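See below for the structure under consideration.
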Amino acid sequence: MKPPPFRHLAPRSIEEACDMLAEHADSVRVLAGGQSLMALLVMRMARPAVLVDLNRCAGLDDIAVEGGVLRLGAMARQIAVQRAPAVAQAAPLLAEALHWAGPRAVRNRGTIGGSIAHADPSSEACCVALCLDARVVLARRGGSREMAARDFFRDALVTAAEPEEMVTEIRIPVLPPGTRCAFEEVGVRQADLAMAGIAVALTPAPDGGIAALRVAAIGAGGLPLRLDAVEGALRGRRAEPGLVRDAVRAALAECEPPSDLVASAAHRRAVLEGLAERAILRAAGAERAAA
Amino acid sequence: MDGPAPAGPFGARLPRKEDPRLLRGEARFLDDIEVPPGTLHAVFLRSPHAHARILGIDASGVRDIPGALVLTAADLPQLPPLRPDLPLPGFAVTERPLLCRDLVRFVGDCVAIVLAEDAYAAEDAAELVAVDYEPLPAIVTLEQALAEGAGSVHREAPDNVLFRNQVTTEGFDAAFAAAPHVFRETFVGSRVATVSLEPRGCLARHDPGLDETVLWSSTQVPHLVRNMLCEVLGLADTAVRVIAPDVGGGFGVKASVYPEEILAIAAARLLGRPVKWAGDRQDDFLSSSHARDMRFGVEMAMDADGVLAAIRIDVLANAGAYGGIPFGSSIEAGGGPRTFPGPYRFRHYAFRTRAVATHTTPSGPYRGVAAPIAFMAFEGMMDRAAAALGLTREEIRRRNLLDTADFPFVNASGIRYDIASHHRTLTKALALSEWEDFVLRRDADPDKIRGIGIACVTEQTGQGSTRYRARGLLRIPGIEAARLKMEPSGRATLAVSQTTQGQGHLTTFAQMAAEHLGIPPAHITVLEGDTAVSPFGSGTFASRSVVAAGGAVITAAEVIAKKMKRIAGHLLEADEADIVLRDGRAEVVGTGLSVTIEEVARTAYAMRPKGVPPGESFGLDTTEYWDQPFSSVSAAVHVAEVSIEKATGRVKVERYSIVHDCGRVVNPMIVDGQVHGAVVQGLGPALMERLVHDEHGQLLTTTLLDYTLPTALDVPDIAMEHIETPALDTKGGVKGMAEGGTIGAIPVLLSAINDALRPHGAWIHAIPVRAEQLLRIIRTQPGTPEG
Ligand SMILES: Cc1cc2nc3c(=O)[nH]c(=O)nc-3n(C[C@H](O)[C@H](O)[C@H](O)COP(=O)(O)OP(=O)(O)OC[C@H]3O[C@@H](n4cnc5c(N)ncnc54)[C@H](O)[C@@H]3O)c2cc1C
């Protein structure tokens, strides 16, 4: 469990980093918090010739709300995101979810950009990014582009980022007033990688019904997924237990959860049903369903 | 704790002497030892196949790595294979090559040693060694190994049975046939890894000028490692020194001697350079012994009142590809039926047991060995019998537990119990756990179902030479020794034939000796883990320390104390019989006359005007050996309360209580810590830990991501009380105790889960109990409303 040889480059600016990425694009990786990349290196599952280490790179860790958008610098540590007042105000769902994102020591080092760029199937950050219609900003030498999280995530551990690109920022639209969030997850252990998880943002209508609903799931597919069918079925309705249960069940029946050592597809689906129902009812402020 | 706090050091809740160093990061584990100049760093090239023929090894590629070199079996032709089992009845004598030449038998079998200037380069070089394998069909499971036409792992064991034993007590058949009730079930353990925080590793150095060979190894058994180095490499024991530095956990996995230790020395001697190997987590999962891939078929015959009439069991243990050293292939298969009878009174017993070879990592001892699965089976049957006979679970146990009048008792597998307090322990445990009030808690949360479980367990500890002879394990002496040397200052060093991996020996042994010497434990420095310093002995395993080594420590302390009294009597012109040693002084009882212990010690070393008594030798220095004649059997009752979340099937351990009797307790804080840790090592296998192979014998769980160990958040607070029934068969009234927590935790958690499932009409008989299985039961078997 020792990494193969690599060159370590430590740019001071985004421009410098982009130059390095362009120059070594045939075999390069960005090093952020290292909480996933180091494990890949020591198990020799990733063998980049060059690491571009962003830890000394300026201008990448701001957390701020501007023009109705929460902007998270890619190198903002997960713990900082979790605790930032701007996040509590604009996207409390993210703070609630990051609480689950591994042990404290890992969140102290791990970055929000790293979590998004890594696109792990169990990532809370990716699930929330999907749920809240986040956008991912990618920089490269001489330019940058921005895309919806939905388009950014391609497959487990695969994203739309090109080798010469780096994530510089995650942008999350500030939640509409009155929106209520809930995040639920389950692993084998009390604190564990998520085997199944649900993120919900629910905006109530003045009449007590659901004006808008966004639901994303971990464990429903190879990647975190938006459960569009649930959203459609419940929009404009009241969050009543039976209705929610049916909507959730119908949506999950269309999903293909993975089967692995942690759980079978059937178990993931069964657990997600319970979690989704619980999370939606919690966000709706409704009474818990009778057992 | 019963009774008042103890006055002397024995029984005191002393903080561990070893902790400040460990907590400050000042300990020196194997990887912290500064390596001598010129050290080569080793990687063991391991087979990626469970079973394959080696057609060729091409190491020419490593030329690209400066300084790297590769040793294969061809480079070490004089190395004989290991022979783990001895030619005794019941054993098949098989061989384990140190480096595989023609055939590999598990994923992880060593094929070559790759050496380089640092560990990084060694891994780079290892990737460049091309081994040409012809994969062969692998035998992975017990069923496969025992199936007709399965093929065999070893030629010498065509039916794959490495060890077998069968015993039927006299009158068994009649007793079994006469019983009105027979309950049957098969219980299945989970294959687990020990996962000591520090993986195995060693540093080998040979000094040709001094003809001295030194091995630093993360081991529990330095003397046994030395013995094997001598046996295999033909070295003189006077020229070999084995040192266990600080060891980051052992739990049995480091009580075996492994090929890497022998190969490191062989390579260091061949190349004339020190060789270091620091195993990593993957090495550990693949090559450190696995454990408890076992099943117990039980047939329990009872009379109409729920009193045990006769029990027959059929035990299988997956021994993996090879027997280990020194425990051979019989460790689990032999241990299962031996520990099974537990705290219960029954005489008619029949068992058959087999250790079965497969193409998987060798099995070996792990905290409790087979006992956690044995008690999962026994206690599981007691719960089933109680339900079938309409008795409460505590009542059926009361009707069968050994009582004061039964002792001394020799159980159906021939183990002697000197004294125990099973009934009191049970009563206390029921009170501590608020067992009677559980009905009020059962339905407290509508989102969960709850259950409560009970397990009455025993733990066989402190085995001596006769036990190991009887088990055919001739490489284990079974004796222990202590050298106690009081220096002129009145302080003492106590070199013990063992080594410590967290058990607190440096504190416990000092307390045991201090009681006799009249000096504070802080004035006794315990030395362990170095064959050049420690007297000869067996090592630290099987909860033997406090009994087997403790016997030697107490004996040595008694010898020195006697001599101190003779000298003090001489100095004080009093009868030695009237002298007591306490509070740093030797005093004549009832007179106020005394001298300091230092004065006595200086006298012993001819440093005072007055000499030693006529005919007395100089010095205060003795080495005493101890052979524990009978095992000592500790006991405990565990009660656990679990909840199962209806939406997810997740189990939470809500409450946990233990009442425990291990004789006199030397240091309650250390005993509590040992029980806590042991419970966690039972909770993991019961609820989440499992090693998984695919059908080709590929281990799929080789990281701590896949092999889920419990974290602190999964562990409940543990309420614990001790009953101290002084042992009669040991020095000091002590019994060993470090494995009982694991032995109790697995059965009690299964019992609690089965209790929760009672309304659903399901009985689980295999571990780990997974949320998936529970959710399925809860959803598909809605069960009876009255619960
Ligand atoms: C014990 C443990 C528990 C964990 N538990 C969880 C958990 O419960 N949930 C969870 O989501 N994660 C968990 N993780 C993973 C952890 O959260 C990682 O921090 C996260 O996945 C990656 O963030 P990082 O900053 O450490 O990135 P790194 O490890 O440095 O990089 C990860 C990947 O992303 C790429 N990358 C990083 N930053 C950028 C960027 N700015 N632009 C382009 N590419 C980039 C890297 O090249 C690499 O491929 C756990 C990790 C550990 C060690």
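The values are calculated or read from the model by the stated rules, or taken from the named source; none is laboratory data. Because the structure is a prediction, the values reported are computed rather than measured. In this analysis, Cβ positions are derived from the backbone assuming ideal geometry, glycine residues included, and neighbour counts consider all displayed protein chains. Please note that ligands, DNA and RNA were not included when accessible areas were found on the heavy atoms of the full protein model with its side chains. Shrake-Rupley method; radii C 1.70, N 1.55, O 1.52, S 1.80 Å.
Annotations
- The set of residues from the range A:122-136 being open to solvent by 10 Å² or more (accessible area, probe 1.4 Å), within 14 Å of the ligand (Cβ to nearest atom) and outside any loop (DSSP other than H, G, I, E, B) comprises A:E124, A:L130.
- Check on B:G684, part of a helix (DSSP H, G or I), open to solvent by less than 20 Å² (accessible area, probe 1.4 Å) and within 13 Å of another protein chain (Cβ to nearest Cβ): yes
- Selected residue (criterion: nearest to the other protein chains (Cβ to nearest Cβ)) from residues of the range A:171-212 that are closer than 23 Å to A:A148 by Cβ, part of a strand (DSSP E or B) and within 13 Å of the ligand (Cβ to nearest atom): A:G197
- Filtered residues of the range B:597-622 (kept if more than 14 Å from B:I560 (Cβ to Cβ) and surrounded by fewer than 16 Cβ atoms within 10 Å (Cβ to Cβ)): B:A606, B:M607, B:P609, B:K610, B:G611, B:P613, B:P614, B:G615
- Where a residue in the range B:496-519 is more than 15 Å from B:A12 (Cβ to Cβ) and its partner, wherever it lies, is aromatic (F, W, Y) and surrounded by fewer than 24 Cβ atoms within 10 Å (Cβ to Cβ), with Cβ under 7 Å and at least six apart: B:S497/B:F536
- Test: residue in the range A:143-159 that is within 9 Å of the ligand (Cβ to nearest atom) and under 16 Å from A:L54 (Cβ atoms): no
- Residues that are within 13 Å of chain B (Cβ to nearest Cβ), part of a loop (DSSP other than H, G, I, E, B) and of a type outside the set (S, T, N, Q), drawn from the range A:249-285: A:P257, A:D260, A:L261, A:V262, A:A263
- Filtering the range A:159-209 to residues that are open to solvent by 40 Å² or more (accessible area, probe 1.4 Å), of a type in the set (V, I, T) and under 30 Å from B:E689 (Cα atoms) leaves only A:V188.
- Of the numbered criteria (1) open to solvent by less than 10 Å² (accessible area, probe 1.4 Å); (2) modelled with pLDDT of 95 or more; (3) over 30 Å from B:I65 (Cα atoms), the one B:S190 fails is (2).
- Set B:R21, B:R53, B:R63: member being over 19 Å from B:D284 (Cα atoms), more than 14 Å from every other protein chain (Cβ to nearest Cβ), of a type in the set (D, E, K, R) and assigned to a strand (DSSP E or B): B:R53
- For the range A:82-112, filtered to residues that are open to solvent by less than 10 Å² (accessible area, probe 1.4 Å) and within 11 Å of the ligand (Cβ to nearest atom), the residue that is farthest from the other protein chains (Cβ to nearest Cβ) is A:I112.
- For the range B:615-637, the condition of being in contact with a Cys (Cβ under 7 Å, 6 or more places away or on another chain) and either modelled with pLDDT of 95 or more or under 30 Å from B:P137 (Cβ atoms) (or both) holds for at least one residue.
- Strands (runs of 3 or more DSSP E) enclosed by the range B:510-605 - at least 1 residues per element that are modelled with pLDDT of 95 or more and within 30 Å of B:D237 (Cβ to Cβ): B:524-527
- Counting only residues that are among the hydrophobic types (A, V, I, L, M, F, W, C) and under 32 Å from the mean Cα position of the chain (by Cα), the range B:112-159 holds 13 of them.
- Restricting attention to the range B:348-371 and to residues that are touching a strand residue (DSSP E or B) at 6+ places or on another chain (Cβ under 8 Å) and charged (D, E, K, R), the residue that is surrounded by the fewest Cβ atoms within 10 Å (Cβ to Cβ) turns out to be B:R352.
- The criterion of being within 30 Å of the chain's Cα centre (by Cα) and open to solvent by less than 20 Å² (accessible area, probe 1.4 Å) does not hold for B:V43.
- Residue within the range B:743-763 that is over 19 Å from B:A640 (Cα atoms) and either open to solvent by less than 10 Å² (accessible area, probe 1.4 Å) or within 14 Å of another protein chain (Cβ to nearest Cβ) (or both) present: no
- Flag not set for B:L474, criterion: in contact (Cβ under 8 Å) with a residue 60 or more places away in the chain, under 30 Å from B:I567 (Cα atoms), more than 14 Å from chain A (Cβ to nearest Cβ) and outside any strand (DSSP E or B).
- Residue in the range A:230-238 that is open to solvent by 20 Å² or more (accessible area, probe 1.4 Å), under 16 Å from the mean Cα position of the chain (by Cα) and away from chain B (no Cβ under 13 Å) present: no
- Output for the range B:697-736, where each listed residue is facing another protein chain (nearest Cβ under 9 Å), buried (at least 20 other Cβ atoms within 10 Å of the Cβ) and assigned to a loop (DSSP other than H, G, I, E, B): B:T708, B:P710
- For the range B:438-471, residues that are small (G, A, S) and surrounded by 20 or more Cβ atoms within 10 Å (Cβ to Cβ) total 5.
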